[in-house]
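Student: Structure incoming, see below.
The values are calculated or read from the model by the stated rules, or taken from the named source; none is laboratory data. The structure presented is a predicted model; accordingly, all values stated were derived computationally and were not measured. Neighbour counts are summed over all protein chains in view; Cβ atoms, including those assigned to glycine, are modelled from backbone coordinates with ideal geometry. The area values use the complete protein model at the heavy-atom level, side chains included, leaving out ligands, DNA and RNA. Shrake-Rupley method; radii C 1.70, N 1.55, O 1.52, S 1.80 Å.
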Amino acid sequence: MEFADLTRIRAQRPEAILEAAARRPRRRLLADGRRLLIVAADHPARGALGVGGDPFAMANRRDLLERLCLALSRPGVDGVLASADVLDDLLLLGALDGKVVMGSMNRGGLAGAAFELDDRFTGYRPEDLERLGFDAGKLLLRLDYADPGSLTTLHSAARVVDAMAERGLPVFIEPFLTRRTRGDGTGPPRNDLSAEAVTRSIAIASGLAGTSAYTWLKVPVTENPDDMARVMETSTLPAVLLGGDIGDDQDAAYEKWRGALRLPTVQGLVVGRALLYPPDGDVAGAVDTAVGLL
């Protein structure tokens, strides 16, 4: 199928999406014991469209899909993390065959909103992931001790972890301790990447729900990468590193990932904008470099 056909198929044969999911060849989460490389593209569903200095870099859907298809075609790329609209397009394009498909679950904490930390589960439900034959889910867990909305997110996240475990589906928790940037409790939230904050966020995420059997962690590299060995001793849960918007210093980001990937609980990388929108525009080159780190 071509990109130009997507809207026509959606309008005339919406059932084609479920049909594509049903015939999709699947694979194990970890293949042959090697580490994972997952490309992330769930940012637009939270209204977070910016990369570097371009506030709408991810707004062109065809451009995003082309970048994703290119990234998924590179050797060593295991799969993709995205919201339903993006994964539906990739299903129709046949880009998810034999890949790990991870559905993004809570996208209600819209970037810049007053309710940003009351991060409701407006994306995939556990039953959706099971019905579609997807391989895992991901949830964002930002906690601000001064924001009551964080308690709603924490409680709903715990129940989602329970529901995923009941279905035998892995769930990747992306935890942060967060605070508003102005002293009066307003302003955009900023994630605290100090060793102390990341340690505490890992401890909280690891203890959610009635079982941790299917729980993975999706963690940032700390401000001082030398702290990662101590931080990752907080939990025995398998973990992947997250990328994020790395700015212009791509080599520095790679070096941070390289060191953390040597730690025993770290099982791979989940990276989005740094690979899909690299400063030099070379998506294939950025992806291949990340594969080499594994």
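Student: Could you look through region 164-188, keep only residues that are open to solvent by 40 Å² or more (accessible area, probe 1.4 Å) and at pLDDT 95 or above, and pick out the one that is farthest from residue 136 (Cα to Cα)?
Tutor: 166
Student: Specify which of the listed residues (114, 57) is surrounded by 14 or more Cβ atoms within 10 Å (Cβ to Cβ), of a type in the set (A, V, I, L, M) and either over 15 Å from the mean Cα position of the chain (by Cα) or part of a helix (DSSP H, G or I) (or both).
Tutor: Details: 114 fails: surrounded by 14 or more Cβ atoms within 10 Å (Cβ to Cβ).
The conditions single out 57.
Student: Cβ-Cβ distance below 9 Å, separation of 6 or more or different chains: which pairs start in region 100-117 with a residue that is farther than 19 Å from residue 86 by Cα and end on one that is part of a loop (DSSP other than H, G, I, E, B) and open to solvent by less than 10 Å² (accessible area, probe 1.4 Å)?
Tutor: Listed by first residue and then by second, the contacts come to 115/109; 116/109; 117/109.
Student: Please go through region 266-294 and pick out each residue that is surrounded by fewer than 17 Cβ atoms within 10 Å (Cβ to Cβ) and either acidic (Asp, Glu) or part of a loop (DSSP other than H, G, I, E, B) (or both).
Tutor: If the condition is that a residue be surrounded by fewer than 17 Cβ atoms within 10 Å (Cβ to Cβ) and either acidic (Asp, Glu) or part of a loop (DSSP other than H, G, I, E, B) (or both), then 279, 280, 281, 282, 288, 294 are the ones that fit.
Student: Residue 64 - would you say it is part of a strand (DSSP E or B) and either open to solvent by less than 20 Å² (accessible area, probe 1.4 Å) or at pLDDT below 95 (or both)?
Tutor: In short, no.
Student: Here's something else I'd like to know. What number of residues in region 164-207 are in a helix (DSSP H, G or I), charged (D, E, K, R) and touching a residue at least 12 places away in the same chain (Cβ under 8 Å)? Don't jump to the end; show me each part of the working.
Tutor: Of region 164-207, the ones in a helix (DSSP H, G or I) are 164-166, 195-206.
Subset that is charged (D, E, K, R): 166, 196, 200.
From the residues that got through so far, the ones that are touching a residue at least 12 places away in the same chain (Cβ under 8 Å) too are 166, 200.
Selection size over region 164-207: 2.
Student: Which one of the conditions (1) assigned to a helix (DSSP H, G or I); (2) touching a residue at least 24 places away in the same chain (Cβ under 8 Å) does residue 80 fail to meet, given that it meets all the rest?
Tutor: That leaves (1) as the condition not met.
Student: Can you tell me which residues in region 189-230 are open to solvent by less than 30 Å² (accessible area, probe 1.4 Å), in contact with a strand residue (DSSP E or B) (Cβ under 9 Å, 6 or more places away or on another chain) and under 17 Å from residue 268 (Cα atoms)?
Tutor: Passing the criteria: 202, 215, 216, 217, 218, 219, 220, 221, 228.
Student: Within region 141-189, work out how many residues are aromatic (Phe, Trp, Tyr) and within 21 Å of residue 42 (Cα to Cα). Walk me through how you get there before you give the answer.
Tutor: Quick first cut of region 141-189, residues aromatic (Phe, Trp, Tyr) only: 145, 172, 176.
Next, from what is left, pick out any that are within 21 Å of residue 42 (Cα to Cα): 172, 176.
Of the residues in region 141-189, 2 are aromatic (Phe, Trp, Tyr) and within 21 Å of residue 42 (Cα to Cα).
Student: If you don't mind, there's one more thing I want to ask. Could you list all residues from region 73-87 that are of a type outside the set (Asp, Glu) and either closer than 22 Å to residue 139 by Cα or surrounded by 21 or more Cβ atoms within 10 Å (Cβ to Cβ) (or both)? Let's see the steps before the verdict.
Tutor: Step one: of region 73-87, the residues of a type outside the set (Asp, Glu) are 73-77, 79-84, 86-87.
Listed by number, the residues that qualify are 77, 79, 80, 81, 82, 83, 84, 86, 87.
Let's see how each residue does on (1) more than 23 Å from residue 267 (Cα to Cα); (2) open to solvent by 10 Å² or more (accessible area, probe 1.4 Å); (3) not in a helix (DSSP H, G or I):
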site: 124; (1), (2), (3): yes, yes, yes
site: 131; (1), (2), (3): yes, yes, no
site: 147; (1), (2), (3): yes, yes, yes
site: 156; (1), (2), (3): yes, yes, no
site: 162; (1), (2), (3): no, yes, no
